[in-house]
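Asks: I'd like to ask some things about the structure below.
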Amino acid sequence: MAVQISGNDITVPRDGTFSRNVSIAGTLTYEDVTNVDSIGLVTARNGIEVGASPGVAASISVDGNMIVSGITTIGGVVNASSDIKVGSGVTVGKDGDIFATGVTTSSTVKVGAAVTISESGIEASGIGITCGNLNGSALSNRRNLIINGDFFIHQRQGAGTLASMYLADRWYGESSGTDEVPTWSRESLSSSDTGPWEEGFRIAGRVTNGNQTSGLDAGDYMYMNQTIEANNLAQSGWNYTSSSSYLTLSFWVRSSVAREIGGYIRTYDGTAQKFVWTVGDVSANTWTKKVLRIPGNSNLQFDTNENIGLQVQWRMSYGSNYTSGSANVGSWVTLSNADLGQDGATGNDTWWTTNDATYDITGVQLEVGSQPTAFEHHTYAEELFLCQRYYGRYNSGRIAHGVAGSSTESYCTFHPYQPMRAAPSITVNALGKVVKEGTAWYDISALNINSSGTDQYIVTLQVMSSGGNGMSGTNALTIGNGTDFSLTAEI
Amino acid sequence: MNETKPIKSAKFVASYGQNESVIITYEDNSVLGVPFDNNNTDYQNYLDWVAAGNTAEAAD
């Protein structure tokens, strides 16, 4: 059929080719277009849809909305005059805010030039970091519930080869059943003590074993411990009856014999509870930092008083009398002496039977929270002040002043360095002398504590001396000139 | 385990006829003058020793 012209209509039944422009004054309707290539603007007055209808993959409507159901790849800059949203989880605000309701993963985040958060930590210059708490507890100093955790204070002075003694202030060592008693001491560290030295520790507490020729018998034991006042636990901020609230114990340890490091913690108020702990093995002669997380428990009780609340104990060796029960490692259970440590712990027996084996610890910190923080280093004066609540030694020239009751019996009062935990006991190291000022010194024959005039805050001493010193009732007097005694209110 | 040292003997100290403290001698021969204070752990240890049937020597 050829081209037909009928009235105003033209019918072309075959392919058409136009070598010049085609103008259409009315509506152009066409189907099965393979490609549209416009060298000018394309105007779609009712929108554009891409894909077969219904269910088009992308559309641009005349109101300016664009919907794309597949992946959109944009090679250039996206300029958005309003917010950009990704689902309901992420919003990039036009004002610069980014909100993400899910997890954001990034290897490094920088805030200006001052703060960098990376996998290795947070670096902040300028004013640093402001926060209300750290590790779930107060951001104040004195996080450490252990006193003298670096073994720096030792008012009693010197080492001792004894069954039991304070090897440093607040640190008690005890043994029983030994063939040869151990030596308790403080050891100076040097730069060769890699680990604790770099963290500023210069002293470690040490026990050196004796020669236990008969082996570890059932009732034998040796340990180091520190006791903590109930007041300090009750008011520490530890929600101790909650199993999701924690104390964290951290310390450096070294043993001359490869061994397991462990011990037990016990309470005293209410029904005594114990927590047998282990922090794994250490190689011989290698300083290792250990961390223990201690949960609360509904059976724990700490009263608000000055009595003992908690004991933290490091085991050197326990005989089978103390390891025969169920240790329940890592759980709080009612105290029983039969299960203070798990049986067969690495090195428990070997350490005991190794003559002169050593066990060192330092940098001990017990704090509220589930993570260990850096050790609190205090000045000597600060730590000494904390220790003198429990022990103080007095041996300066003129220690106390008083009044004679007679030629043989006098009374002196004085204030301890600070209020003590309780009315103290006295250990007399040297009696010294007593003098009525302006006369000669006379030997003291006995020095006793007088309960009537002694409490936490003040101490009254009964001073006995031989007659003939020229003193009589109401004479003012002084003691000293060699007097040396210690006051103890340990727990 | 023992957490207090075992006591060997004890003796009161008097002032004007009234006991004012007790001198404790431990098994290791260390000596301590102890006030009558219930919060003092040495005194608590002494009371346990007395409760076990022991008696302190009278004051001079």
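Asks: Gap in Å between the Cα centre of segment A:136-201 and the Cα centre of chain B?
Replies: The distance from the Cα centre of chain B to that of segment A:136-201 comes to 29 Å.
Asks: Over the Cα atoms of chain B, how large are the radius of gyration and the largest Cα-Cα distance (Dmax), in Å?
Replies: 11.2, 40
Asks: May I ask you to list the lysines whose Cα is less than 17 Å away from that of A:LYS85, ignoring any residue fewer than eight positions away on the same chain?
Replies: Of all the lysines, those that pass the test against A:LYS85 - Cα under 17 Å, at least 8 places apart if same chain - are A:LYS94.
Asks: For the A and B pair, go ahead and give the buried accessible area with a 1.4 Å probe, both sides summed, in Å² to 100.
Replies: Chain pair A/B: roughly 2100 Å² of buried accessible area.
Asks: Let me ask something additional. Straight-line reach from A:LYS433: which aspartates and glutamates have a Cα under 19 Å away, not including same-chain ones fewer than 8 places off?
Replies: A:GLU409, A:ASP443, A:ASP484
Asks: Given a 1.4 angstrom probe, what's the average accessible area per residue across the protein assembly as shown, in square angstrom? Don't skip to the end; give the middle numbers.
Replies: On the way: 28730 Å² over 551 residues.
That works out to 52 Å² per residue.
Asks: Using R₀ = 30 Å, calculate the FRET efficiency as 1/(1 + (r/R₀)^6) where r is the Cβ-Cβ separation of A:ASP83 and A:ILE39; round to 0.05.
Replies: 0.25
Asks: Using only the heavy atoms of the protein chains and a 1.4 Å probe, how would A:LYS274, B:LYS11, A:LYS289 rank by accessible area, largest first? Kindly include the intermediate steps, with their values, before the conclusion.
Replies: Numbers: A:LYS274 0, B:LYS11 60, A:LYS289 85 Å².
Descending accessible area places them as A:LYS289, B:LYS11, A:LYS274.
Asks: List the aspartates and glutamates whose Cα lies under 20 Å from the Cα of A:LYS110, skipping any in the same chain that are fewer than 8 positions away.
Replies: Partners found: A:ASP95, A:ASP97, A:GLU119, A:GLU123.
Asks: Give the distance, in whole Å, between the Cα centre of segment A:351-430 and the Cα centre of segment A:277-340.
Replies: Each part's Cα centre sits 25 Å from the other's.
Asks: Could you check how many percent of all C-alpha pairs in segment A:1-133 are farther apart than 19 Å?
Replies: 76
Asks: Which semi-axes, in whole Å and largest first, does the equivalent ellipsoid of segment A:382-491 have when worked out from the alpha carbon gyration tensor as the square roots of 5 times its eigenvalues?
Replies: The equivalent ellipsoid of segment A:382-491 has semi-axes of 26, 13, 11 Å.
Asks: Within the accessible area of chain B, what % is carbon and sulfur when the probe is 1.4 Å and the other protein chains stay in place? If you can, show how the numbers build up before the last one.
Replies: Working: 1470 of 3200 Å².
Carbon and sulfur: 46 percent of the exposed surface of chain B.
Asks: Compute the angle between helix B:41-51 and the longest alpha-carbon principal axis of chain B, please, reported from 0 to 90 degrees and rounded to the nearest 10.
Replies: 90
Asks: Across 10 Å bins from the origin, how do the percents of Cα pairs in the protein assembly as shown run, short distances first?
Replies: Distribution as computed: 3, 13, 19, 17, 12, 8, 6, 5, 4, 4, 4, 3, 2, 1, 0, 0 percent.
Asks: Using a 1.4 Å probe over the heavy atoms of the protein chains, calculate the carbon and sulfur portion of the accessible area of segment A:1-85 as a whole percent.
Replies: About 50 percent, which is the carbon plus sulfur part of the accessible surface.
The values are calculated or read from the model by the stated rules, or taken from the named source; none is laboratory data. All values derive from a computational prediction rather than experimental measurement. Virtual Cβ from ideal backbone geometry, glycine too; neighbours counted across all protein chains shown. Accessible surface areas use protein heavy atoms only, side chains included; no ligands, DNA or RNA. Shrake-Rupley method; radii C 1.70, N 1.55, O 1.52, S 1.80 Å.
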